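J.: The structure that follows is given in the form of C-alpha cells.
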Amino acid sequence: MTNNEFVLQGTPSIQQELLDKPTTPIVTTTYELKTAGFWVRFWAFVLDGLIISAVVGIVVNPIFYLMDWSLSDSVWYAPISIISAILYYCYFVLMTKFFGQTLGKMAFGLRVISLEHDKLTWSDVLFREWIGRLISNIIMPLYIFVAILPDNQGIHDYFADTTVVHEKVYVAKETAQPTMPIQETEKEQEPEKVEDKLEES
C-alpha cells in the first residue's frame, strides 16, 4: 500500500462530520400587530353607544314626535326599539365592512382584522357584527371572553375568525425552527476505484 493510498483511505468524510454535528434551531423574529385588550375595546364600545344614541335622538325621536308615536315603550317589538336596533346593527356592520373600524375604534386607534383572510368579507362582518354581537348583547357577561380567549377574541370574534388590533403597535414574536440535517447527495468514491486511477497514471 502506498502513502497516497493510505491518505485516501484514512481521510474522514466531511459530510459525515456535518451529519454528526449537533444542530441548533434557527430563531426567527417576526413583528405582528398587537391585539387590543378588554378595557380599550370597552371604552371604544361605550363611545360607539353614545354616538348611536345621539343619532337616534337627533334623527329618530323628532320623527316620532311629529307622527305622535310613543317613545316610552320598552318592549322589544315597539317601533322605537325596532328602529333603534336596526340603526345599531347597521352602524356596526357597515362601518366594519367598509372601514374596518367604527368611530369608537377610530378614536382609540383600533381595527378589526380577519384571522383567515387578507380582507374582511361580508360573511366575516355579518357573523361578527350581527349574529355574534346579538348573542353577546343578550348575554352581556360573554364580553369578558375578550380578556380570556387567545388573540383577545370575544365570542363574536370567535364566530367570525376575527380579532381587534392596535393599528400602529407591533409586538415581536420569536419562533424556533429546527435546522434540517445535511443529506448525503453523492456517494463517496470507493477506495478501489481511486487505487485503479492511481495505478493507471
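Throughout, read-outs are computed from the coordinates displayed, never taken from laboratory work. None of these values were measured; they are calculated from a predicted model. So basically every Cβ, Gly included, is an ideal-geometry build from the backbone, and we count neighbours across all protein chains shown.
J.: Given points 7 Å out from each Cα along the Cα-Cβ axis, report the Ser81 to Val55 separation in nanometres with one decimal.
T.: 2.1 nm
J.: For the pair Val27 and Ile138, what calculated FRET efficiency results from E = 1/(1 + (r/R0)^6), where r is the Cβ-Cβ distance and R0 = 35 Å, to the nearest 0.05?
T.: 0.15
J.: Between Phe38 and Ile131, with labels modelled 7 Å along Cα→Cβ, what's the label distance in nm to one decimal, could you check?
T.: 2.7 nm
J.: Counting other C-beta atoms within 10 Å, and keeping those with at most 12, which DSSP coil chymotrypsin sites (Phe, Trp or Tyr not before Pro) do you find in the range 73-158?
T.: Of the chymotrypsin sites (Phe, Trp or Tyr not before Pro), the ones in loops of the range 73-158 whose Cβ has at most 12 other Cβ atoms within 10 Å are Trp76, Tyr77.
J.: Take Leu103 and Lys173, extend 7 Å from each Cα along the Cα→Cβ direction, and tell me the distance between the two endpoints in nm.
T.: Taking the simple label geometry, Leu103 and Lys173 are separated by 3.3 nm.
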